[in-house]
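**Q** Below is the structure I would like to discuss, written out as structure tokens.
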Amino acid sequence: MAVKLRLMRMGKKKQPTYRVVAADSRSPRNGRFIEIVGTYEPRQEPSVVRIDNERAVDWLRKGAKPTERVERLLKESGAWEQFTSPAAR
């Protein structure tokens, strides 16, 4: 099973909020997921990113591939640096 870290759209029409989830790459965008890793609220000023860095790094080490947007959010939260730093391995 190929796992991806990706966004799942929530919220009302024209007012999106997103969950960062670990999901099977074959499941639909708002379909079945394995675990919620965090949230992203782009309409706040400034946008709000809440990610459980420990769980995100754990999924990355297990081989989960983040989408481009989720990779940017992980860099913003600091989880990407924890994953790529050689001292953390």
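**Q** Considering V21, V48, V57, which residue is surrounded by 11 or more Cβ atoms within 10 Å (Cβ to Cβ) and either under 10 Å from the mean Cα position of the chain (by Cα) or among the small types (G, A, S) (or both)?
**A** None of the others qualify; the one that does is V21.
**Q** Moving on. List pairs: first residue in the range 50-70 and more than 15 Å from K4 (Cβ to Cβ), second residue outside any loop (DSSP other than H, G, I, E, B) and aromatic (F, W, Y) anywhere in the structure, Cβ distance under 6 angstrom, at least six positions apart or on different chains.
**A** So the pair list comes out as V57/F83.
**Q** Can you tell me which residues in the range 48-89 are within 21 Å of R29 (Cβ to Cβ) and assigned to a helix (DSSP H, G or I)?
**A** R55, A56, W59, L60, E68, R69, V70, E71, R72, L73, L74 - these are the residues of the range 48-89 that are within 21 Å of R29 (Cβ to Cβ) and assigned to a helix (DSSP H, G or I).
**Q** In the range 12-41, how many are touching a residue at least 24 places away in the same chain (Cβ under 8 Å), under 24 Å from N53 (Cβ atoms) and of a type in the set (D, E, K, R)?
**A** Number of matching residues: 2.
**Q** With respect to R9, determine if the residue is surrounded by fewer than 13 Cβ atoms within 10 Å (Cβ to Cβ), touching a strand residue (DSSP E or B) at 6+ places or on another chain (Cβ under 8 Å), part of a loop (DSSP other than H, G, I, E, B) and without any contact (Cβ under 8 Å) to a residue 40 or more places away in the chain.
**A** Considered against the rule, which asks whether it is surrounded by fewer than 13 Cβ atoms within 10 Å (Cβ to Cβ), touching a strand residue (DSSP E or B) at 6+ places or on another chain (Cβ under 8 Å), part of a loop (DSSP other than H, G, I, E, B) and without any contact (Cβ under 8 Å) to a residue 40 or more places away in the chain, R9 comes out as no.
**Q** Hey, does the range 28-37 have a residue that's loosely packed, with under 11 Cβ neighbours inside 10 Å, part of a strand (DSSP E or B) and out of contact with any strand residue (DSSP E or B) (no Cβ under 8 Å at 6 or more places or on another chain)?
**A** Within the range 28-37 (the criterion being loosely packed, with under 11 Cβ neighbours inside 10 Å, part of a strand (DSSP E or B) and out of contact with any strand residue (DSSP E or B) (no Cβ under 8 Å at 6 or more places or on another chain)), the answer is no, since none of the residues qualifies.
**Q** Y40 versus (1) assigned to a strand (DSSP E or B); (2) at pLDDT below 95: which is the lone unmet condition?
**A** That leaves (2) as the condition not met.
The values are calculated or read from the model by the stated rules, or taken from the named source; none is laboratory data. These numbers come from a predicted model, not from an experiment. Cβ sites come from the backbone with ideal geometry, for glycine too, and all protein chains shown count toward neighbours.
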